[in-house]
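Trainee: Take this structure first; my questions come after.
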Amino acid sequence: MVGQGACRTILQLMKMTMIKTFLATTFLAVGIVWAQAQAQTSDIDTLPASVIFVASSGMWEQAAKVPEGTTAPQTGGGEPTRGYYKVVAVRQGDGTAKIYLQQLAYTAKGPSLVETVELEEFTQMKVYVTDIRPESSSGASDTPGLFVTVHLKTDPTQKEADAWTVLIDELGDMKIEKASN
């Protein structure tokens, strides 16, 4: 027969084991949640703080590439490559901004960067970007091309910003000009 003191000791040991199990499970759960949160924010954490505006807009399409020595696309490889554009303003140390045009392709794994080009016209003007707006905010376009308006100042004390357009036509030709309102 087990005495009352032994029963109390057994109950205390069981209680301690349950508390330890509960704490270990809690710490494990917190660790898993924290790791998932870190994985979700890792993409945004790689975005430089100097990026001040990003506008995704437009659409481009490129015919499937034909391998050398053939005259027609290979079976299964005839799908054209499609994607969209991003216009990105990056603040420089002196307060002016450089503006870049990125071409991104749609892929099975998500967007893939095809090319990044600095828009030298803006860099040469030493612009202070106040906004970048797409022509439409209704989603992806069905028509190839791009039309965005970059609002900027060439003097930081200037009261009103000037509007400049970045236009890419269906053939891929780009034009940057002061907007004519």
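Trainee: When the convex hull of the Cα atoms of the range 115-181 is projected onto a plane and the area is averaged over all directions, what value comes out in nm²? Could the numbers behind the result be given before it?
Mentor: On the way: hull surface 21.9 nm².
Average of the hull's projected areas for the range 115-181 equals 5.5 nm².
Trainee: Still on this structure, please answer the following. Can you tell me which lysines have their Cα less than 26 Å from the Cα of residue 178? Leave out same-chain residues fewer than eight positions away.
Mentor: Candidates past the 8-residue exclusion: 86, 98, 126, 153, 159.
Trainee: Also, I was wondering about something else. Sorted by packing (mean other beta-carbon atoms within 10 Å per residue), highest first, where do 8-21, 120-133 land? Working shown, then result.
Mentor: On the way: 8-21: 10.2, 120-133: 16.9.
Taking the mean over residues of other Cβ atoms within 10 Å, the ranking is 120-133, 8-21.
Trainee: So for the range 77-145, what percent of the C-alpha to C-alpha distances run longer than 18 Å?
Mentor: Above the 18 Å cut-off, the range 77-145 has 51 percent of its Cα pairs.
Trainee: Right, another one. Just in the range 130-181: which GluC sites (Glu not before Pro) are loop by DSSP and have at most 13 other Cβ atoms within 10 Å? Could the numbers behind the result be given before it?
Mentor: On the way: sites: 135, 160, 170, 177; in loops: 135, 160, 170.
Sparse-neighbourhood loop GluC sites (Glu not before Pro): 160, 170.
Where a number appears in this text, it was derived from the coordinates with a stated rule and is not lab data. Values in this document were obtained by computation on a predicted structure and should not be read as measured data. Positions of Cβ are generated from backbone atoms using ideal geometry, with glycine treated the same way; all protein chains shown enter the neighbour counts.
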